[in-house]
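**Q** Sharing a structure, written as structure tokens. Questions coming.
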Amino acid sequence: MTTTAADVTKPDFQGHRKHFIFTDEHQQLRESIRRFVIKELQPHSEEWEQQTFPNWVFQRMGELGFLGLDKPEEYGGQGGDYYSSLVLSEEIVHAHCGGLAMGLAVHTDMAMPPILAFGTEDQKQEWVVPAIKGEKILCLGITEPDAGSDVAGIKTRAVKDGNEYVINGSKTFITNGHRADVIVLVTKTDSDAGYDGFTLFLVPMDLPGVIREKKLEKLGMHASDTALLAFQDVRVPDTAVLGQVGKGFYHIMWELQGERMIGAAGCVAGAQHVFDRTLEYAKERTAFGRSIGHFQVIRHKFAEMATKIETARQMVYTTAWRFQNGEYPVREISMAKLYAARIAVEVADECIQIHGGNGYMKEYGVERVWRDMRLNRIGAGTDEIMLDVIGRSYGL
Ligand SMILES: Cc1cc2nc3c(=O)[nH]c(=O)nc-3n(C[C@H](O)[C@H](O)[C@H](O)COP(=O)(O)OP(=O)(O)OC[C@H]3O[C@@H](n4cnc5c(N)ncnc54)[C@H](O)[C@@H]3O)c2cc1C
């Protein structure tokens, strides 16, 4: 077949949106995750909004190999690249369940990476291997009632006592906190050592003194469980230290970069998904004798949203490419997280507007997207903290 100049210049708006970071294998993975999510998870979306998603989701996704896509094969992972993790975060939006996406991401992309990066072989065998199978559930404890953005201000203490440490303190807003088998816990081991006084621990959640105090009620992300936890004289052996004693602050700052990356990717995916659903709606809904999408003002809303989503997507993919290639681009990760979270909330808000009164109704699910998305401007580092990280990166 010969290609004419006319063919070349003809715009193809239906064209496949495959970015250069993705291969055909990623595409196949994408299709198989999407099939699974639509068939096995999406039908439960409403039920899980009422009562949080059940633990069998971890087991089922473990069986399918979806909890260790980018994790080493020696621990049961698929040995894929970082982009395979992005694929999961993009496809999980088809579950229509932000809380589920968050619970899974905490497990695979927030709590698991520090164990793989800093853990001993025994710790990886004990926690990562069953976590990838979906048999053990992980959570991550940084935030406390009196310290969130100011991580260095945490009060949870771990005091050495012979071959053990004794932990006292509390953590709040902990995703998976009620269901988790183990927590990656940020503590202070030396109050006088500044940033060198923090240590991470792997604390089994069934130890005496670990108290799951309260299930917290939230604006959105209802399908996730969010816990207030207390640690009262919890004794752990010194083999529970994760990474180096005194280096916990640096370990957790490293972890936060992956957390922000995957959060940004989820925001783009969530924004795209609600955009697509709203586009269908705007084509079908009529007013004044035409579909509402044909009013210029509505058409321009879609144009604005699409441009923002595409911008955020390019930031996420380019930053992910650098991440995959061994760079540690804190500034750009912060920019991607900030921008993607902001536009996801804006897009969800605009989609409610385009739905009119229906957008305000639970039945259409758009208000739920807004409620779920709103978290992203707070969790994993607020907008203000992202701006501060970016600003400081210029020496200010
Ligand atoms: C649903 C949900 C799930 C979460 N899951 C987890 C989890 O699994 N594990 C975990 O450890 N944490 C979790 N978090 C906690 C989350 O990361 C924190 O809420 C977030 O980091 C903000 O901390 P904070 O709530 O203490 O707010 P604060 O730090 O008290 O901030 C309050 C306000 O002050 C602003 N501010 C603070 N410092 C500065 C500054 N230096 N400059 C400018 N403005 C500033 C903030 O931007 C914000 O607007 C979760 C939170 C929620 C809501």
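The values are calculated or read from the model by the stated rules, or taken from the named source; none is laboratory data. Just so you know, these numbers come straight off a predicted model, no measurement behind them. Neighbour counts run over all protein chains shown; Cβ positions are idealised from the backbone, glycine included. These accessible areas exclude ligands, DNA and RNA; they are computed on the full protein's heavy atoms, side chains included. Shrake-Rupley method; radii C 1.70, N 1.55, O 1.52, S 1.80 Å.
**Q** When you check Phe249 against the structure, is it farther than 30 Å from Ile352 by Cα and open to solvent by 10 Å² or more (accessible area, probe 1.4 Å), yes or no? Step through it out loud before you land on a result.
**A** On the way: farther than 30 Å from Ile352 by Cα: yes; open to solvent by 10 Å² or more (accessible area, probe 1.4 Å): yes.
Yes.
**Q** Scanning the stretch 171-184 for residues that are more than 11 Å from the ligand (Cβ to nearest atom) and either touching a Gly at 6+ places or on another chain (Cβ under 8 Å) or open to solvent by less than 40 Å² (accessible area, probe 1.4 Å) (or both), which turns out farthest from Val203 (Cα to Cα)?
**A** Applying the first criterion (more than 11 Å from the ligand (Cβ to nearest atom)) to the stretch 171-184 yields 178-179, 181-182.
Narrowing the set further to residues that are either touching a Gly at 6+ places or on another chain (Cβ under 8 Å) or open to solvent by less than 40 Å² (accessible area, probe 1.4 Å) (or both) leaves 179, 182.
Details: Arg179: 14, Val182: 6 Å.
Per the stated criteria, the residue is Arg179.
**Q** Wholly within the stretch 18-110, which helices (runs of 4 or more DSSP H) include no fewer than the required count, namely at least 2 residues that are at pLDDT 95 or above and farther than 25 Å from Arg322 by Cβ?
**A** On the way: elements: 24-36, 45-51, 56-63, 82-91, 98-105.
Qualifying helices (runs of 4 or more DSSP H): 24-36, 45-51, 56-63, 98-105.
**Q** Check whether at least one residue in the stretch 361-383 is exposed (fewer than 15 other Cβ atoms within 10 Å of the Cβ) and under 17 Å from Arg260 (Cβ atoms), and report yes or no. Lay out the reasoning, then the answer.
**A** Filtering the stretch 361-383 down to residues exposed (fewer than 15 other Cβ atoms within 10 Å of the Cβ) leaves 361-363.
Still in the running and under 17 Å from Arg260 (Cβ atoms): none.
No: the stretch 361-383 contains no residue that is exposed (fewer than 15 other Cβ atoms within 10 Å of the Cβ) and under 17 Å from Arg260 (Cβ atoms).
**Q** Ok, one more. Does Ala306 satisfy the criteria of being under 30 Å from Phe22 (Cα atoms) and in a helix (DSSP H, G or I)? Talk me through it step by step, then tell me what you get.
**A** Numbers: under 30 Å from Phe22 (Cα atoms): yes; in a helix (DSSP H, G or I): yes.
Yes, satisfied.
**Q** Restricting to the stretch 188-221, what's the tally of residues that are buried (at least 20 other Cβ atoms within 10 Å of the Cβ) and aromatic (Phe, Trp, Tyr)?
**A** 2
**Q** Further, regarding this structure: Assigned to a loop (DSSP other than H, G, I, E, B) and closer than 28 Å to Phe201 by Cβ: does that describe Leu116?
**A** On the way: assigned to a loop (DSSP other than H, G, I, E, B): no; closer than 28 Å to Phe201 by Cβ: yes.
The answer is no for Leu116.
**Q** Now for a separate question. Name every residue in the stretch 147-170 that is open to solvent by less than 70 Å² (accessible area, probe 1.4 Å), within 9 Å of the ligand (Cβ to nearest atom) and in contact (Cβ under 8 Å) with a residue 12 or more places away in the chain, in order of residue number.
**A** Correct list: Gly148, Val151.
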